[in-house]
Amino acid sequence: MSVVELARPVEKPRATPKGPRRRVTAWHRWLSPLALLVVWQIASATGLLPERLLAAPAAIASTAVELTQAGTLPTAIGVSLQRVLIGFLVGGAAGIVLALAAGLSRAGENAVDPIMQALRALPFFGLIPLFILWFGIGEEPKILLVALAVSFPLYLNTFSGIRGVDGKLAEVATTLKLSRGQLIRHIVLPGALPQTLVGLRQALGVAWLALIVAEQVNATTGLGYMINDAREFLRTDVIVVGLLVYSALGLATDAIVRLLERRALAWRRGFLA
Amino acid sequence: MATRLSGVARAFGDRVVLDSLDLELRDGEFTALLGRSGSGKSTLLRALAGLDPEVTGTIDVTDSVAVAFQEPRLVPWKRLLANITLGLDAPVSKAKEALAEVGLSERSDAWPLTLSGGEAQRASLARALVREPELLLLDEPFSALDALTRITIHQLVLELWARHRPAVLLVTHDVDEALLLADRVLVLDEGRIAHDISITADRPRHREDPGLVTLRTTLLAALGVSPEGRS
């Protein structure tokens with residue numbers, strides 16, 4: 001009888017320790033990806049999945065080791081990381097400075113916001129031909145594309161964060177006779193920080209995306225170049241290694257921001273928990 | 001310096017909330033301001049706190065004003081002690097004393113969002129009093145507290161007032177609260193001070209005090225409420 005079956009779980013002793021059960025469930029979550037890898041490996045070994053379309057997992061793994069030992073992969077990662085880092089710093093600084101200018105005064109908002117809103121509508125990957133004309137095919141167009149991509153999420157989020165600061169706290173600042181500088185430092189900027197950190201995570205996401213696009217178009221070094229070069233020789237194993245490295249780097253930078261969030265927003269933890 | 005208001009007016013659109021209001025608050029006096037909901041009590045307090053740029057008339061008020069709001073309005077990203085010292089010229093030891101006065105010494109490292117309602121309101125009082133104001137404005141600071149906490153905080157406010165002797169303006173809609181705490185009770189109606197009643201009973205006061213019972217009836221009538229129900 002279905003009613004009895006429905007009732008049964010409730011009758012179980014509630015004191016069952018949760019830890020081991022949860023570990024079992026976590027392990028279960030690895031089953032399907034592992035199964036997929038096995039199927040993939042078998043499909044490659046039997047020739048069902050030709051290597052010119054997609055290399056076998058084992059081949060990819062050994063290629064990764066080879067590329068690392070030969071120094072190709074670390075060099076490429078270094079070049080790409082440097083591009084993202086510089087572009088991110090330039091674009092992030094620009095986005096935040098513009099957001100402060102727009103957020104902290106009406107005149108600043110009128111000067112900056114319409115331009116930023118208009119530029120935001122531009123598909124920035126569409127700017128690549130112009131960037132090549134303006135900056136050639138060296139490092140500048142790649143770094144600038146990353147910077148441009150990064151600046152918008154940081155601008156938009158920081159600006160709305162500043163404007164979203166609780167007006168009641170601004171009143172408190174008035175009654176405590178805080179100066180304008182103190183108001184900005186103690187109330188406005190910390191109040192905008194949660195939203196800025198949201199912008200930071202979005203910015204890191206698009207930073208990697210912009211880099212991948214920029215490196216596909218024209219590059220003689222870096223991960224994108226490694227992938228593009230591999231395409232010429234039908235080395236799908238190298239391509240997949242490159243893609244995996246991109247996603248690992250993306251995950252790593254995201255983890256850094258989440259760590260930053262945990263520290264900077266510790267005051268919210270008691271509230272959220 | 002006493003606080004003087006004359007011809008103070010404020011309208012929100014067509015609705016006149018304060019209408020050529022005159023009022024004097026004397027040094028060291030505990031005044032309660034009663035009024036029906038929407039009568040302009042908080043508008044008057046905000047005018048005194050310098051939070052309303054659109055109010056007209058003459059407001060002659062000391063620079064030394066501190067405010068405790070209905071919600072404690074602690075800055076959530078500053079630990080408790082940093083909230084007390086925010087914008088404070090005095091040394092940190094004074095802020096610690098202020099926290100000790102409201103019984104929160106051990107919570108000085110706590111994040112505001114982890115405080116209970118009563119703790120947060122006490123912290124808000126400490127933040128106001130550490131500035132040693134000549135005029136302390138209290139905007140219904142007890143209304144969100146549970147009944148037991150409210151009794152404790154009433155005592156605390158009286159103690160702090162007795163020790164520091166600021167002029168106090170307590171905005172409230174609670175007649176009993178006004179009768180228990182204040183030297184003087186004002187009733188705001190139609191944008192003006194409609195009643196101005198002195199209370200001379202000694203503290204601590206009890207609700208059953210016959211003098212207070214009579215005053216309660218008077219005040220409730222002034223607020224348009226009959227204690228026996230509808231008449």
Quick check on region B:85-97: of everything there that is within 14 Å of chain A (Cβ to nearest Cβ) and assigned to a loop (DSSP other than H, G, I, E, B), which residue is surrounded by the fewest Cβ atoms within 10 Å (Cβ to Cβ)? B:ASP89
For region B:43-54, enumerate the residues that are away from chain A (no Cβ under 12 Å) and under 20 Å from B:ALA194 (Cβ atoms). B:THR43, B:LEU44, B:ALA47
Search region A:133-172 for residues being part of a helix (DSSP H, G or I) and within 14 Å of chain B (Cβ to nearest Cβ), and hand back the single one that is surrounded by the most Cβ atoms within 10 Å (Cβ to Cβ). A:VAL172
All positions within region B:129-147 that are outside any helix (DSSP H, G or I) and over 14 Å from the mean Cα position of the chain (by Cα): B:VAL130, B:ARG131, B:GLU132, B:LEU145, B:ASP146
Looking for whichever is assigned to a helix (DSSP H, G or I), at pLDDT below 95, of a type in the set (Lys, Arg) and buried (at least 24 other Cβ atoms within 10 Å of the Cβ) here; the options are B:ARG150, B:ARG122. Which one fits? B:ARG122
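A quick yes/no check of all residues on (1) at pLDDT below 95; (2) away from chain A (no Cβ under 14 Å):
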{"residue": "B:THR114", "(1), (2)": "yes, no"}
{"residue": "B:GLY118", "(1), (2)": "yes, yes"}
{"residue": "B:LEU129", "(1), (2)": "yes, no"}
{"residue": "B:LEU138", "(1), (2)": "no, no"}
{"residue": "B:SER143", "(1), (2)": "yes, yes"}
{"residue": "B:GLN155", "(1), (2)": "yes, yes"}
{"residue": "B:ALA167", "(1), (2)": "no, yes"}
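If I filter region A:173-194 down to residues being within 8 Å of another protein chain (Cβ to nearest Cβ) and of a type in the set (Ser, Thr, Tyr), which single residue comes out as surrounded by the fewest Cβ atoms within 10 Å (Cβ to Cβ)? Step through it out loud before you land on a result.
Filtering region A:173-194 down to residues within 8 Å of another protein chain (Cβ to nearest Cβ) leaves A:173-178, A:182, A:186-187, A:190-191, A:193.
Filter once more, keeping what is of a type in the set (Ser, Thr, Tyr): A:174-175.
Working: A:THR174: 14, A:THR175: 23.
Residue satisfying both the conditions and the ranking: A:THR174.
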For region B:21-33, does any single residue satisfy the condition of being over 22 Å from B:THR152 (Cβ atoms) and within 14 Å of chain A (Cβ to nearest Cβ)? no
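Based on what the data block shows, is A:PRO129 buried (at least 16 other Cβ atoms within 10 Å of the Cβ) and assigned to a helix (DSSP H, G or I)? Outline the logic, then answer.
Working: buried (at least 16 other Cβ atoms within 10 Å of the Cβ): no; assigned to a helix (DSSP H, G or I): yes.
No, not satisfied.
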Anything in region B:1-53 that is small (Gly, Ala, Ser) and either touching a Pro at 6+ places or on another chain (Cβ under 8 Å) or not in a strand (DSSP E or B) (or both)? List them, or say none. B:ALA2, B:GLY13, B:GLY28, B:SER37, B:GLY38, B:SER39, B:GLY40, B:SER42, B:ALA47, B:ALA49, B:GLY50
Look through region A:9-31, keep the residues that are of a type in the set (D, E, K, R) and in a helix (DSSP H, G or I), and return whichever of them is modelled with the lowest pLDDT. A:GLU11
Flagged in region B:60-84 as part of a loop (DSSP other than H, G, I, E, B), within 21 Å of B:GLU134 (Cβ to Cβ) and more than 8 Å from every other protein chain (Cβ to nearest Cβ), in numbering order, are B:VAL61, B:THR62, B:ASP63, B:SER64
Identify, from the list A:LEU119, A:LEU34, the residue that is under 30 Å from A:THR196 (Cβ atoms), modelled with pLDDT under 95 and in a helix (DSSP H, G or I). A:LEU119
Any residue in region B:168-181 that is surrounded by fewer than 22 Cβ atoms within 10 Å (Cβ to Cβ) sitting within a Cβ distance under 6 Å of a residue that is at pLDDT below 95 and of a type in the set (Ser, Thr, Tyr)? List the pairs, counting only those 6 or more apart or interchain. none
Matching entry among A:LEU265, A:LEU272 (being at pLDDT 90 or above and either touching a strand residue (DSSP E or B) at 6+ places or on another chain (Cβ under 7 Å) or within 14 Å of chain B (Cβ to nearest Cβ) (or both)): A:LEU265
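The values are calculated or read from the model by the stated rules, or taken from the named source; none is laboratory data. Keep in mind that this is a model prediction, so the values were computed, not measured. We place every Cβ from the backbone using ideal geometry, glycine too, and count neighbours over all the protein chains shown.
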